[in-house]
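The values are calculated or read from the model by the stated rules, or taken from the named source; none is laboratory data. If you're wondering where the values come from, they're calculated on a predicted model, not measured in any experiment. Cβ sites come from the backbone with ideal geometry, for glycine too, and all protein chains shown count toward neighbours.
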Amino acid sequence: MPELLNQIRMQMAELQEQKLLRKRRIIDGPQGPLLVVDGCEYLAFCNNDYLGLANHPTLRAAAQAGLDKYGVGASASALISGHTSVVEELEQMLADFVGMPRALHFSSGYMANIGTIPALVGVGDVVFSDRFNHACLIDGARLSGAKFRIYPHNNVARLEQLLAKSTHRRKLVVTDAIFSMDGDIAPLPELLSLCEKYDAWLLIDDAHGFGVVGPQGRGSVAHFGLKSERILYMGTLGKAAGIAGAFIAGDAILIEWLLQRARTYIFTTASPPLLASALLAAIQLIQTENWRQQHLQQLISRFRNGIANLPWPLLPSVTAVQVLIIKDNQLALDLMEGLREQGIWVPAIRPPTVPKNMARLRISLSAMHSNFQVDQLIKALHRLAKTHANAEMIIRSTVE
């Protein structure tokens, strides 16, 4: 065996020993509260379809109409011949929806962030990043060539100390709005205040807030009522909107600059226009069917009240992301398996996605879940807690 392959084989064995080896699951059929995983149907609390739009008949009909009009693929980058009229309409709708002058459509949130950050800052500049930011913000900062400064999670005081010391030409603060593995909300008003005080930009990744929080689901910036030319807003379209893609919205000059300089926008084939057709329908539903956000909030309260006495800490969150801290990798996997045996699919999240010794169960709630289904999850978790407590008692008595 070549030495490189032998090294990788040993590294894979180490991951297995540490209970960190990942495995893909095969999904059949559409996304929804019930999901067919590896041929078996489960009650699913594992995806980011927060409003239950991924299989909505209106979106399917809009995608079919887009297919009939535009075909399957865009066949070129946006700056050659891939920017269709339906994408132009979508960008304007997205800008209006989040209350900003202009928006630029990207093929994914990852592509949006790793293209935007290097287009804004480079050598001689500095990026300030929350420690719990998503990987795409971290990777975008590293790709930019700018200095990279990490501040403790949601620690506004420490960020101000770093900003006050900075003499860099350009300063950019980047943050998740809702942190994907914790479910908490960033202190956006305080962050914006610091950016105004120290002449910095603020890039907000609202992947898990767009469509869910704020009036009519207009996102975390609207939730706080913020307005500023310093804000660049990234929203993803594969979570609450139920489809795929992302966008950056902000000042018209900044968006034009991204169009000219964001490499992940310029040097990639444009997204299929049929997706933009479906997204137009999705944004209309988000605006008009407010019962989805309201029902989701009711489910969040129901879930949190129902598991208040579990032995594993529940992180504070008023969002669709609800997190139980398990710490131990093997125990997290065991609890995931215990839920699976009860017909429920909840993912165990382990390092490096989260910090070492901070493995967890990440529970995603959706407007398509019923009260009964959430109660099923609550009862299943309590059964596991009781089983776990009994096992601990047996172990302690054996040792004694």
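Tell me, yes or no, whether the stretch 140-148 has at least one residue that is surrounded by 16 or more Cβ atoms within 10 Å (Cβ to Cβ), under 29 Å from Ala282 (Cβ atoms) and at pLDDT below 95. Within the stretch 140-148, none of the residues are surrounded by 16 or more Cβ atoms within 10 Å (Cβ to Cβ), under 29 Å from Ala282 (Cβ atoms) and at pLDDT below 95.
Of the candidates Arg149, Arg169, Arg158, the single residue that is assigned to a helix (DSSP H, G or I) and either in contact with a Lys or Arg (Cβ under 8 Å, 6 or more places away or on another chain) or on the phi < 0 side of the Ramachandran plot (or both) is Arg158.
Confirm whether Ile286 is in contact (Cβ under 8 Å) with a residue 40 or more places away in the chain, touching a helix residue (DSSP H, G or I) at 6+ places or on another chain (Cβ under 7 Å) and surrounded by 20 or more Cβ atoms within 10 Å (Cβ to Cβ). Criteria met by Ile286. Of the residues in the stretch 358-365, none is over 30 Å from Gln216 (Cα atoms), in a helix (DSSP H, G or I), among the aliphatic types (A, V, I, L, M) and touching a residue at least 24 places away in the same chain (Cβ under 8 Å). Counting only residues that are outside any loop (DSSP other than H, G, I, E, B) and within 14 Å of the chain's Cα centre (by Cα), which one in the stretch 172-195 is surrounded by the fewest Cβ atoms within 10 Å (Cβ to Cβ)? This residue is Ile185.
Look at Leu104 and say whether it is in a strand (DSSP E or B), in the same structural domain as Arg218 (by TED's automatic domain parsing) and more than 18 Å from the chain's Cα centre (by Cα). Break it down into steps so the answer makes sense when it comes.
Numbers: in a strand (DSSP E or B): yes; in the same structural domain as Arg218 (by TED's automatic domain parsing): yes; more than 18 Å from the chain's Cα centre (by Cα): yes.
For Leu104, the condition - in a strand (DSSP E or B), in the same structural domain as Arg218 (by TED's automatic domain parsing) and more than 18 Å from the chain's Cα centre (by Cα) - is met.
Based on what the data block shows, is Arg263 out of contact with any Phe, Trp or Tyr (no Cβ under 7 Å at 6 or more places or on another chain), surrounded by 18 or more Cβ atoms within 10 Å (Cβ to Cβ) and among the basic types (Lys, Arg)? So Arg263 does not fit the description; no. Of all residues in the stretch 244-257, those satisfying the criterion of being touching a helix residue (DSSP H, G or I) at 6+ places or on another chain (Cβ under 7 Å) and buried (at least 23 other Cβ atoms within 10 Å of the Cβ) are Gly245, Ala246, Phe247, Ile248, Ala249.
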